[in-house]
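A.B. asks: Have a look at this one.
What follows draws every value from the coordinates through simple rules; no lab data is involved. The shown structure was predicted, so the numbers you read here are calculated from the model rather than taken from an experiment. So basically every Cβ, Gly included, is an ideal-geometry build from the backbone, and we count neighbours across all protein chains shown.
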């Protein structure tokens, strides 16, 4: 009988002769049975075949590893999908010719005068190991881009978190933007590169990111003259494509909490209503967004309305889409001068800064109070010890006021912590999420601009786990590969320097790194039945070509996903399972 790999229907199947990881700590099994979207049995071949009966489909996986599906607790999947949907993808371009060819092909289907926007070049989103710098000739200028089209304004976008950054336009785009030889060499924090004759080359540097950018000059160009950041008509298919890409990486559940507006959550609701949502999604509403174009400050009455909206939106018993919580991003990261650091650090464009605050203390306190009174879950992004001090102090006061023993709240990122803070978070009932990208792509920046002491508490996962905290992992800004992030959880390697920040507060084991993406991720999402493969659990599993608990550490990032199943539905299959030699 042919196996349905369309992802539309649940498949009842027994996998035998495998290495079944029920969890990172449980004993491995030989076989597993899926029935009606759940795990029906786990054990030896004989036990599983007996439980399955004569009519069950059987596949021999020939020693391959069967693991719980992975869980990403801070993906920005929708945001990245929507942002990239209209773009020409030149991430993997090796030359100017590659870029010209890709843009030219797009130009053939775009009306004359319509904008053509591209991705940056390199490994998203940090571009720490490969970027435009690796192209012969460097960043393409206006004349290179004119080879692609003189009838369409063209932009090569810049993406955060890097800043200063670089973007490029062709000649028509410069004309549309009003940038010419009479334009100042620097406007606000944007530098306009010019040739020996004083003519703009098309390359702009500085505060030129497509989002997370409030520079007055560039933000005005972006919001009034450059192609829109999002095209609504492309959103549903873009999200479905990104979900499919996540399945190829082995991810079956995601927690969308940061920068999520109600309209963003509606996209997932629409996909669910149409029967197209094939990944488990937990979403939270943002209190006051400051990341995306169009973000604005809210009045206190609007803050109160947003909190009530988040409370009314709660949905915690659906098998595919759940909504719970309110998320705050009060500060930020050093590349945008957003890191809260009382001792000060080197600002992006000179001088010293102690950080830029996004959400006022009044709004934050009101949010703590509301969550304490109503039971709404509070998700707090935190990137520094000084920022975390404020949250701990406020939580203690509010919890005392309302006689709350354990908060059940969440610290997202916990990028840098001070010794003792992990234990305090545990006492207060917090859980935590981390992203190894902060070490991978920001470690060198922190060392250079904040100081070596900032590295001491950077991604202190060992300390978080030793304090007894639940710690979920995430891809966030990258690397966009969960297996690479697991490896980085052990090595704590920083790029582009290649140095290691593998101190006693940081390093965890390979098995613990796997737990962050499975059992701990499920606990962060508070979603029973995912993250493990036990009888009664949801049949969310992946079949992979190696054991992530015992394989050579350096080979972990090369893990290949052969098949991904969600609720018994095979949502990804590369053709190797059951293929004849």
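A.B. asks: Take the chain, compute every pairwise Cα distance, and split them into 10 Å bins from 0; I just need the percent in each bin.
C.D. replies: Pairs per bin, as whole percents: 3, 17, 26, 26, 18, 8, 2, 0, 0.
A.B. asks: Note down the Stokes-Einstein diffusion coefficient of the range 289-396 in µm²/s, whole number, using a Kirkwood radius over alpha carbon pairs, 25 °C, and 0.890 mPa s.
C.D. replies: Stokes-Einstein gives a translational diffusion coefficient of 160 µm²/s.
A.B. asks: If you fit an axis through the alpha-carbon atoms of helix 482-491 and take the longest principal axis of the Cα set of the chain, what angle between them do you get, 0 to 90°, nearest 10?
C.D. replies: For 482-491 against the chain, the angle is about 80 degrees.
A.B. asks: Also, I was wondering about something else. Would you kindly compute the Cα radius of gyration of the range 232-530 and its largest Cα-Cα separation (Dmax), both in Å?
C.D. replies: Gyration radius and largest Cα-Cα distance of the range 232-530: 18.6, 53 Å.
A.B. asks: Over all directions, average the projected area of the Cα convex hull of the range 220-291 and note it in nm².
C.D. replies: Computed as one quarter of the Cα hull surface, the answer is 5.8 nm².
A.B. asks: For the range 491-581, what Kirkwood radius comes out of the mean inverse Cα-Cα distance, in Å?
C.D. replies: Evaluated on the range 491-581, it is 15.5 Å.
A.B. asks: May I ask you to work out the translational diffusion coefficient for the range 1-111 at 25 °C, viscosity 0.890 mPa s, via Stokes-Einstein with Rh from the Kirkwood sum over Cα pairs, reported in whole µm²/s?
C.D. replies: Reported coefficient: 136 µm²/s.
A.B. asks: Something else now. Residue 124 label point, 7 Å along Cα→Cβ, cut-off 14 Å on backbone N: hits in the range 82-101?
C.D. replies: 82-93
A.B. asks: What is the antiparallel percent of DSSP beta bridges lying wholly in the range 86-224, to the nearest 5?
C.D. replies: 75
A.B. asks: Grab the DSSP H runs of the chain that are 4 residues or longer, score each as -39,500 (n - 2.57), total them, divide by all residues and round the 222 nm result to the nearest 500 deg cm²/dmol.
C.D. replies: Estimated from H runs of four or more residues: -9000 deg cm²/dmol.
A.B. asks: Still on this model: Order these peptides, 347-357, 159-169, by their mean beta-carbon neighbour count within 10 angstrom, highest first.
C.D. replies: Per-residue Cβ counts within 10 Å, averaged per peptide and sorted highest first, yield 159-169, 347-357.
A.B. asks: Please sort 521-527, 126-132, 411-417 by packing, taking for each peptide the average over its residues of neighbouring beta carbons within 10 angstrom, highest first.
C.D. replies: Top to bottom by mean Cβ count within 10 Å: 411-417, 521-527, 126-132.
A.B. asks: For a distance above 29 Å, tell me the whole-number percent of Cα pairs in the range 178-333 that qualify.
C.D. replies: When all Cα pairs of the range 178-333 are counted, 36 percent exceed 29 Å.
A.B. asks: For the Cα atoms of the chain, what angle does the longest principal axis make with the long axis of helix 262-273, in degrees from 0 to 90, nearest 10?
C.D. replies: That helix lies at roughly 40 degrees to the long axis.
A.B. asks: I want to check the label-to-label distance for residue 418 and residue 263. Put each point 7 Å from Cα in the C-beta direction and report it in nm to one decimal.
C.D. replies: Once both label points are built, they end up 4.1 nm from each other.
A.B. asks: Hey, rough spin-label estimate for residue 298 and residue 316, points 7 angstrom out along Cα→Cβ, what's it come to in nanometres?
C.D. replies: 2.1
A.B. asks: While we're on this one: How much length is gained if the chain between residue 374 and residue 557 is pulled fully straight, taking 0.36 nm per residue apart and subtracting their Cα-Cα distance, in nm to one decimal?
C.D. replies: 61.6 nm
A.B. asks: Dividing the alpha-carbon radius of gyration of the range 399-505 by 2.2 N^0.38 Å (N being the number of residues), what value is obtained?
C.D. replies: Rounded to two decimals, the normalised Rg is 1.12.
A.B. asks: If you average the alpha carbon positions of the range 314-374 and of the range 44-68, how far apart do those two centres end up, in angstrom?
C.D. replies: Their Cα centres are 47 Å away from one another.
A.B. asks: Right, something else. As an exercise, use a Förster radius of 45 Å and the Cβ-Cβ distance of residue 223 and residue 17 to find the FRET efficiency, rounded to the nearest 0.05.
C.D. replies: With a Förster radius of 45 Å, E is 0.20.
A.B. asks: Just check the range 46-183 against the gyration tensor rule for me: Cα atoms, a ≥ b ≥ c as the square roots of the eigenvalues, rounded for a/c under 1.5, and otherwise prolate or oblate depending on whether a/b exceeds b/c.
C.D. replies: Prolate is the answer for the range 46-183, as a/c is 1.5 or above and a/b outweighs b/c.
A.B. asks: With a/c under 1.5 counting as rounded, go ahead and sort the range 243-347 into rounded, prolate or oblate using the C-alpha gyration tensor (a ≥ b ≥ c being the square roots of the eigenvalues; past the cut-off, prolate if a/b is larger than b/c, else oblate).
C.D. replies: In terms of gyration-tensor shape, oblate.
A.B. asks: Along the Cα-to-Cβ line of residue 402, 7 Å from the Cα, sits a label point; which residues in the range 333-373 have backbone N less than 20 Å from it?
C.D. replies: 360-373
A.B. asks: Can you give the FRET efficiency to the nearest 0.05 for residue 25 and residue 147, using r as the Cβ-Cβ distance and R₀ = 56 Å?
C.D. replies: 0.45
A.B. asks: Now for a separate question. Which percent, to the nearest 5, of DSSP beta bridges fully inside the range 232-530 are antiparallel?
C.D. replies: Looking only at bridges with both residues in the range 232-530, the antiparallel portion is about 20 percent.
A.B. asks: May I ask you to derive the FRET efficiency for residue 231 and residue 101 from their Cβ-Cβ distance with R0 = 41 Å, giving the value to the nearest 0.05?
C.D. replies: 0.95
A.B. asks: Evaluate the distance, in nm, between pseudo-label points positioned 7 Å from the Cα of residue 47 and of residue 466 along their respective Cα→Cβ axes.
C.D. replies: Calculated label separation equals 3.6 nm.
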